[in-house]
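J.: One structure, as structure tokens, below. Some questions next.
The values are calculated or read from the model by the stated rules, or taken from the named source; none is laboratory data. Computed from a predicted model, the values in this text were never measured in an experiment. Ideal geometry is used to build each Cβ from the backbone, glycine not excepted, and the neighbour counts take in all protein chains shown. When the accessible area is computed, the model is the full protein with side chains, heavy atoms only, and any ligands, DNA or RNA have been set aside. Shrake-Rupley method; radii C 1.70, N 1.55, O 1.52, S 1.80 Å.
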Amino acid sequence: MNRLYNALQLKRLYQLKELGVSYVPLIEKRSGPATTLPNDLGALEKIVSECRLCPLSKTRTKTVFGEGNIHASLMFVGEGPGAQEDISGRPFVGRAGDLLTKMIENAIEIPRSSVYIANIVKCRPPNNRVPTPEEAYTCLPYLMKQLEIVSPRVVVALGATAYHYLTGDKSGITKVRGEIIDMGSYRIVPTYHPSYLLRNPSAKKEVYQDLLKIKRLLCEK
Ligand code: URA
């Protein structure tokens, strides 16, 4: 809850900065509309579909909320929608998505439909560029709420962007991949993004090891 609260405050600060405000004396901790995102994924998805809080909303075709088992113990978080996701409104449906499905089904040996999949930003960054901090922090409360509702035991951060915004740590993905980061109610395992694997197939063997580790974590009581 604290992480959601902090993410919402950060979002508010970015909005104020956008409006030209450079100094905010005190942000009170109180519940208001900004801190009360619904505890229901359907209602949250509707809010996301109407979101206009960052510039990505101007160029998107569809928002890509996320999909999968709402009671999943395993959640995957990517960076943001690509071209095909922007058209379909579904996460990881392009080439990287096909590879992600194989990673889940062949290495962890569970169906893709049994996990939950989401992204740091819900709208496609033009030309698939990395989301700016403003875009990522504005969107992050939605992901934090999804995490709170789905309540997975293990979250796989796909690539540096997902790892960075989920943990606040700016370490490179090569350094941290395969580590297990305790976040209290869940654990994060960073690994390479499937798009990176499409460009660097030799890194698949390391990801395979990470996936086996994730499978073992899921079997733990
Ligand atoms: N890459 C991502 O990070 N997310 C998607 O949904 C698709 C490609």
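J.: Hey, among the residues in region 117-142 that are in contact with a strand residue (DSSP E or B) (Cβ under 6 Å, 6 or more places away or on another chain) and not polar (S, T, N, Q), which one's surrounded by the most Cβ atoms within 10 Å (Cβ to Cβ)?
T.: The extreme case among them is Ile117.
J.: Given Arg153, Arg177, Arg95, which one is within 13 Å of the ligand (Cβ to nearest atom) and open to solvent by 50 Å² or more (accessible area, probe 1.4 Å)?
T.: Arg95
J.: Still on this structure, I have one more. Looking at Gly80, Gly172, Gly97 in this structure, which one is modelled with pLDDT of 95 or more, touching a strand residue (DSSP E or B) at 6+ places or on another chain (Cβ under 7 Å) and of a type in the set (Gly, Ala, Ser)?
T.: None of the others qualify; the one that does is Gly80.
J.: Still on this structure: Step by step: first the residues of region 77-87, then only those that are open to solvent by less than 50 Å² (accessible area, probe 1.4 Å) and more than 8 Å from the ligand (Cβ to nearest atom), then the one that is nearest to the chain's Cα centre (by Cα). Which residue is that?
T.: Among those that are open to solvent by less than 50 Å² (accessible area, probe 1.4 Å) and more than 8 Å from the ligand (Cβ to nearest atom), it is Val77.
J.: Could you check region 50-64 and list, in sequence order, the residues that are surrounded by 14 or more Cβ atoms within 10 Å (Cβ to Cβ) and free of Cβ contacts under 8 Å to residues at least 60 places away in the same chain?
T.: Passing the criteria: only Lys62.
J.: For region 163-171, does any single residue satisfy the condition of being touching a Leu at 6+ places or on another chain (Cβ under 7 Å) and farther than 22 Å from Gln9 by Cβ?
T.: No; the residues of region 163-171 include none that is touching a Leu at 6+ places or on another chain (Cβ under 7 Å) and farther than 22 Å from Gln9 by Cβ.
J.: Same structure, new question: Among all residue pairs at least 6 apart or on different chains, which show Cβ distances below 8 Å where the first residue, located in region 149-173, is more than 19 Å from Asn69 (Cβ to Cβ) and touching a residue at least 40 places away in the same chain (Cβ under 8 Å) and the second is in a helix (DSSP H, G or I) and open to solvent by 20 Å² or more (accessible area, probe 1.4 Å)?
T.: The qualifying pairs are Gly159/Ile173; Gly159/Ser195; Gly159/Tyr196; Tyr165/Tyr137.
J.: Oh, and also: Within region 61-76, track down each residue that is away from the ligand (no atom under 11 Å from the Cβ) and in a loop (DSSP other than H, G, I, E, B).
T.: Across region 61-76, the qualifying residues are Thr61, Lys62, Thr63, Asn69, Ile70, His71, Ala72, Ser73.
J.: Out of the residues in region 98-116 that are in a loop (DSSP other than H, G, I, E, B) and open to solvent by 40 Å² or more (accessible area, probe 1.4 Å), state the one that is farthest from the ligand (Cβ to nearest atom).
T.: So, considering only residues that are in a loop (DSSP other than H, G, I, E, B) and open to solvent by 40 Å² or more (accessible area, probe 1.4 Å), the one farthest from the ligand (Cβ to nearest atom) is Glu109.
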